[in-house]
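Asks: Below you will find the structure I want to go over with you.
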Amino acid sequence: MDLDTAREVAEKFFNKSGDIKVLAGERNPNLLVTSNTEKFVLKIHASDELQQIEVQQVALVSLEELADFQTPRTVPSIAGDLLTDIGGGEFARLLNWIDGELWSETKDLSEDHKVQLGKLIASVDSKLAEVDASKHLEVLNRPFGWNVLRAEVLLADIKLIADAELQEHVQTIFDRSIAKSLPKVRALQHQLIHNDANDNNVVVAHGKVTGLIDFGDLIYAPRVCGLAVGCAYQLDARDPVASIYAIVRGYHEVAPLSPAELEVLFDLVCLRVATSVVMAHRQLAADPDNEYLAISQDYFRSLLPALTASNDRLAHYRLRNACGYEAHPDSRQVRQWLATTEANISDVVMPPFAQASKIWLDWSGENKNIARSWEAIETEMHAAGADVAIGHYCEDRNVYESDFFVDEGKESRTVHLAVDLFAPAGTPVYAALDGKVFLFHDNTAHLDNGPMIVLEHQTDQGVKFHTLYAHLSRESLEGLSVGKEIKSGQQIATMGTEEVNVGWPPHTHFQIILDLCDMAHDIFGVAALSELPVWRSICPNPNLILRIPEGTDIHAHMKTETLAQERQVVMSRALSLNFQKHLEIVSGQGAYLFDRAGTKYLDLVNNVAHLGHSHPRVVEAAYKQMLTLNTNTRYWNQNAIEYARALASTFPDSLSVVFFVNSGSEANDLALRLAQAHTKAKGMMVLDHAYHGHITSIIDISPYKFNGRGGDGRPDHVRVAPIPDAYKGLHRGDGAGSKYAAEFKRELDSLDQPLCAFISESIVSTGGQVPLASGFLKQAFEMTRAAGGVCIADEVQIGMGRVGTHFWGFEMHDVVPDIVTMGKPLGSGHPLAAVVTTPEIAHSFMTGMEYFNTFGGNPVSAAIGQTVLDVIVDESLQRNALNVGNYLMDEVRKLAKEIEFIGDVRGSGLFIGVELVMDKATQDPGTQITKDLIEFARDKGVFLSSDGPGDNVLKIKPPMIIGKAEVDQFLDVLKRGLQKN
Ligand code: PMP
């Protein structure tokens, strides 16, 4: 259609006049109409496309509800039609324009954009899955070259590819997928899919993937087919499989992929690439001048050799791993079989191997002085009287210097997948299990495997796996033939000399490998560090066979990026991380934490490491008691009993009965049980914004959670009193405490069931380090008791001398609770928590139901708890908290005179809040300033965190050992961070 006619159509039928431009397109004309400032796409269709357009409209309407991404909306004609007959057998549609640029035109795309692309495709799929496509199956299933389920229709056209090499790659992919994968794909659940998330159909705006356009290729197929299309345009020939991890992860995050889908995904990606090549040749034959058709061909041409060279099974394992499934689907079964089988497992060397004297070699990259030569190994063995030296499984080594371990443009392979058994050349080597010879070969390249034998075995379920024995003598290979039966314990080889072994000292490299992935003779004995989780699964620990009790797995330190990716899929994504730029913290010492690179950070966040990180006396107490005894709590044990007495002695008289538990949440749950047993009631009073723990019963009494994101709101048995905040709450100044008490009473009176308890911290931490207004707690306790309830003090955050003036926070308010819960600091880093209560409440808990807690107060935890109490005294830490805390608050108050953003400084001892505001008078929360300051401080080596309803209060609760030097470091960062604004 020419531009004049198009302009006429836009005006006459849609009342849109303005600039008009042709857009690139594969089939029918697409025109950009700019009318005033609005942009539209005018699409012209022939009458034979109407059925297809109808299903597109259905899809587009369903996608109007899409939350995070945009898809085109159809603009009705003047007559109100979504599709308009414009005469001459042609029809027109007008779609709104999605702002942004196409992916193909966007610069600086990152892995994160690929994650977003995966999410986009998954979000669209999830919506389209709700569409009833049954009325449209005829058009959706038509023989259509871009419908992968109809791939066979393209077979005849492969011959159109003139380049013989290219043709062969395409043919290989078609043959492989049609035979192996398509039957499996056809068995998957079908739905309507977009089927064309190529880089010319994905919209990016302001650095984010925002939309998907062009619904002309809709088909009825399994959703993994559409994901494969998206992946096909993002491949990198250096490692095609790794290049789609991010998209697949993004998709899986929104719409989890099943193992059956992942099994066929890579083949579908390859098939899409091959399809594109055939389609281009088919269409170019008909329309040699169409540039759009040729666009992706150079890209695909360069990719095909990499795709045909990628083993499809290995790709499958890698994609499973990327989504959090174990890489090899049969690995667990093989490991279980090896762990339990009655089959004869034989010693690989030196039977009876259990009695051989062993030493372990450290060949890790960190060891700068490894015993690399046989002389050095032999010297170590002689010195220790060892028969054999063991080289570790999953050790990251830097001995693999030859090109053999480095593929152009890829990460070097450095992590050992076998166990090495070093012994003199000529030492006999035996088959571990019954099996047959799978392959044998003399690998003569420098630092390669040397003479090597691979045996094949199977579990009783028929799952095949292999054992690999490398660095043998050359004679070992004589007389072997593929398929030859081998018996468990049969001598199959001897260890080779250094010369035969192409540069390695005499040893046997013994490896279990589930799938050789068509590697022929170049079988990976070493993997790239970033692929370690994949290879751990394909090559399980050979100690399943060797059975060396001291162990062989050294757990190479993975890359931080790998850890990040692993955490994302094998742990809950609901589990949050500190800072926008997350960190891998590897050690702690005193008030400091250290990241992987050795960068030091002052930790002002961690009130768990009460005595400082890795306190030597805590470590020693734990170690000594671990060496002696740890059991459950069903015995008399001095540690627990003496510690209970010591802990109780820190409380007023009435609080004398102690229960040990393992976390603050558990302590609060037990407190509820005690209170319920005593009062026979369930009603609860809590303070607004309070948090008391993560378990079901405690989320119910934590407004911070039940009123926060994802929360279900306040339960019926709970009433929430306003937080008694004298700085910016409802009531301020003198008398605020009583006014808040009156609010508390109002809420209490509204409770329509008997009161069980009131629970509160004495400085509300999640509320923004808010000290309770003076006099409030005393009155609230009185009101609670008058209503028949008991009073619970949650000291999980603030207790153990932290507030400086007192050992426990409630003591600041001249009250004595009925129950106190403790957690975080009790074990100074070890999970230990406790509840203390009155003899009366403890008595009410004697209902006949026994109380048993496996770990609470075990001998090790109790030894640690006692040590923490001792160190607080020995190192005068409570006094330190008071002095250093006062110094910190005084200095920040001085700063507040110069810096407008510091609205309030409050707290006690080393439990401090600094509230950042936009303006001291209006007290508008400085939420963004706080966020920026925390990131700034992190970059400058100081860890801070924030809380409060506006997330604008710095929570300062460092290890109790910090001194003025650390405070000065904080003050400097605070000043610079805030002055920068
Ligand atoms: N109570 C308070 C006041 C807390 O701050 C927390 C944890 N932040 C808990 C209870 C729960 O402790 P845990 O995380 O050990 O279960």
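Asks: What whole-number distance in Å separates the alpha-carbon centres of region 431-465 and region 527-567?
Replies: Value for the Cα centre distance between the two parts: 21 Å.
Asks: Restricting to DSSP loop positions (anything but H, G, I, E, B) with no more than 15 other Cβ atoms inside 10 Å of their own Cβ, which chymotrypsin sites (Phe, Trp or Tyr not before Pro) remain in region 617-712? All intermediate terms of the calculation are to be shown ahead of the outcome.
Replies: Working: sites: 623, 635, 636, 643, 659, 660, 691, 704, 706; in loops: 635, 636, 691.
Those that pass, being in a loop and sparsely packed, are 635, 636.
Asks: Same structure again: Averaged per residue, what accessible area in Å² does the chain show with a 1.4 Å probe, protein chains only? Provide the component values of the computation, followed by the final result.
Replies: Details: 41190 Å² over 981 residues.
It amounts to 42 Å² per residue over the chain.
Asks: Debye sum, Cα scatterers, region 839-981, no solvent: what log₁₀ I/I(0) at q = 0.14 1/Å?
Replies: Scattering profile of region 839-981, log10 relative to I(0): -0.74.
Asks: For residue 477, what charge total do you get from the other residues with a beta carbon under 15 Å from its beta carbon, if Lys and Arg give +1 and Asp and Glu give -1?
Replies: Summing Lys and Arg as +1 and Asp and Glu as -1 gives -2.
Asks: Something else about it: Please give me, ordered by residue number, the GluC sites (Glu not before Pro) of region 62-142 that lie in loop per DSSP and have at most 13 other Cβ atoms within 10 Å. Kindly include the intermediate steps, with their values, before the conclusion.
Replies: Values: sites: 64, 65, 90, 101, 105, 111, 130, 138; in loops: 64, 65, 130.
Filter output for region 62-142: 64, 65, 130.
Asks: Moving on to the next point. What do you reckon, how do 548, 370 stack up by accessible area (1.4 Å probe), largest on top? Can you show the working numbers first?
Replies: Details: 548 5, 370 40 Å².
Largest accessible area first, the list is 370, 548.
Asks: Could you state the number of Å between the C-alpha centres of region 598-632 and region 107-134?
Replies: Measuring centre to centre over Cα atoms gives 46 Å.
Asks: Net charge near residue 871, counting Lys/Arg +1 and Asp/Glu -1 over other residues with Cβ under 13 Å of its Cβ?
Replies: Numbers: positive: 617; negative: 620, 870, 874, 875.
Computed value for this residue: -3.
Asks: Let me know the Rg and Dmax you get for the chain when you use only its Cα atoms, in Å.
Replies: 34.9, 98
Asks: Right, something else. Report residue 555's accessible area, 1.4 Å probe, all protein chains in place, as a number in Å² to the nearest 10.
Replies: 120
Asks: Using only helices, what value at 222 nm comes out for the chain when you add -39,500 (n - 2.57) per DSSP H run of length 4 or more and divide by the total residues, to the nearest 500 deg cm²/dmol? Mind showing how you got there, number by number?
Replies: On the way: 29 runs with 332 residues, N = 981.
Using -39500 (n - 2.57) per qualifying helix, the result is -10500 deg cm²/dmol.
Asks: Taking Rh as the Kirkwood radius computed over C-alpha pairs, what is the Stokes-Einstein D of region 623-676 at 20 °C in a medium of viscosity 1.002 mPa s, expressed in µm² per second? All intermediate terms of the calculation are to be shown ahead of the outcome.
Replies: Working: Rh = 13.1 Å.
The Stokes-Einstein estimate is 163 µm²/s.
Asks: For region 812-842 and region 226-284, write down the distance between their C-alpha centroids in whole Å.
Replies: Answer, in whole Å: 56.
Asks: Follow-up question, since we're still on this one. Which trypsin sites (Lys or Arg not before Pro) does region 142-243 hold that lie in a coil by DSSP with at most 14 other beta carbons within 10 Å? Don't jump to the answer; show the numbers that get you there.
Replies: Numbers: sites: 150, 159, 176, 180, 184, 186, 208, 223, 238; in loops: 238.
Passing both the DSSP loop test and the Cβ count: 238.
Asks: While we're here: Just the number, please: carbon plus sulfur as a percent of the accessible area of the chain, 1.4 Å probe, no ligands or DNA/RNA counted.
Replies: Numbers: 20640 of 41190 Å².
Carbon and sulfur together cover 50 percent of it.
Asks: Once you treat every alpha carbon in region 571-619 as an equal point and sum by Debye, what is log10 I(q)/I(0) at q = 0.23 Å⁻¹?
Replies: Reported log10 I(q)/I(0), two decimals: -0.92.
Asks: How much net charge surrounds residue 68 when only other residues with a Cβ under 15 Å from its Cβ are counted (Lys, Arg +1; Asp, Glu -1)?
Replies: Values: positive: 119, 127, 208; negative: 64, 65, 112, 125, 253.
With Lys, Arg at +1 and Asp, Glu at -1, the net is -2.
Asks: Excluding ligands and nucleic acids, what accessible area in Å² is computed for residue 961 using a 1.4 Å probe, to the nearest 10?
Replies: Number for this one is 60 Å².
Asks: Also, quick follow-up: Can you give the % of DSSP beta bridges in the chain that are antiparallel, to the nearest 5?
Replies: Values: 102 of 124 bridges.
Rounded to the nearest five, the antiparallel share is 80 percent.
Asks: I've got another one for you. Which cross-chain or sequence-distant (5 or more) residues have an amide H under 5 Å from the amide H of residue 790, H modelled 1.01 Å from N in plane?
Replies: For residue 790, the qualifying residues are 757, 758.
Asks: So, one more: Indicate the gyration tensor shape class of region 787-839 (rounded, prolate or oblate), computed on the Cα atoms with a ≥ b ≥ c the square roots of the eigenvalues: a/c under 1.5 is rounded; otherwise a/b larger than b/c is prolate and the rest oblate. Mind dumping the intermediate values first?
Replies: Numbers: a/c = 2.75, a/b = 1.38, b/c = 1.99.
Taking the square roots of the gyration eigenvalues as a ≥ b ≥ c, region 787-839 is oblate.
Asks: Report the Stokes-Einstein translational diffusion coefficient (µm² s⁻¹, integer) for region 583-726, Rh taken as the Kirkwood radius over Cα pairs, at 10 °C with viscosity 1.306 mPa s. Don't skip to the answer; put the middle values down first.
Replies: Numbers: Rh = 19.0 Å.
Roughly 83 µm²/s, to the nearest whole number.
Asks: Can I ask one more? With +1 on each Lys and Arg Cβ and -1 on each Asp and Glu Cβ, and nothing else charged, work out how big the dipole of region 43-200 is about its Cα centre, in Debye to the nearest 20.
Replies: Details: 15 positive and 27 negative charges, 113 e Å.
I would put it at about 540 debye.
Asks: Please list 550, 378 in order of solvent-accessible area, largest first, computed with a 1.4 Å probe with all protein chains present. Could you put the intermediate results ahead of the total?
Replies: Values: 550 125, 378 70 Å².
Largest accessible area first, the list is 550, 378.
Asks: Could you give me the percent of Cα pairs per 5 Å distance bin for region 157-287, shortest bin first, beginning at zero and ending with the bin that holds the maximum distance?
Replies: Percent of Cα pairs in each bin: 2, 10, 17, 22, 22, 15, 8, 4, 1.
The values are calculated or read from the model by the stated rules, or taken from the named source; none is laboratory data. A quick note: this is a predicted structure, and the numbers were derived from the prediction, not measured. Glycine gets a Cβ as well: all are built from the backbone with ideal geometry, and neighbour counts include every protein chain shown. Ligands, DNA and RNA are stripped out before the accessible areas are found, and what is left, the full protein with its side chains, is counted by its heavy atoms. Shrake-Rupley method; radii C 1.70, N 1.55, O 1.52, S 1.80 Å.
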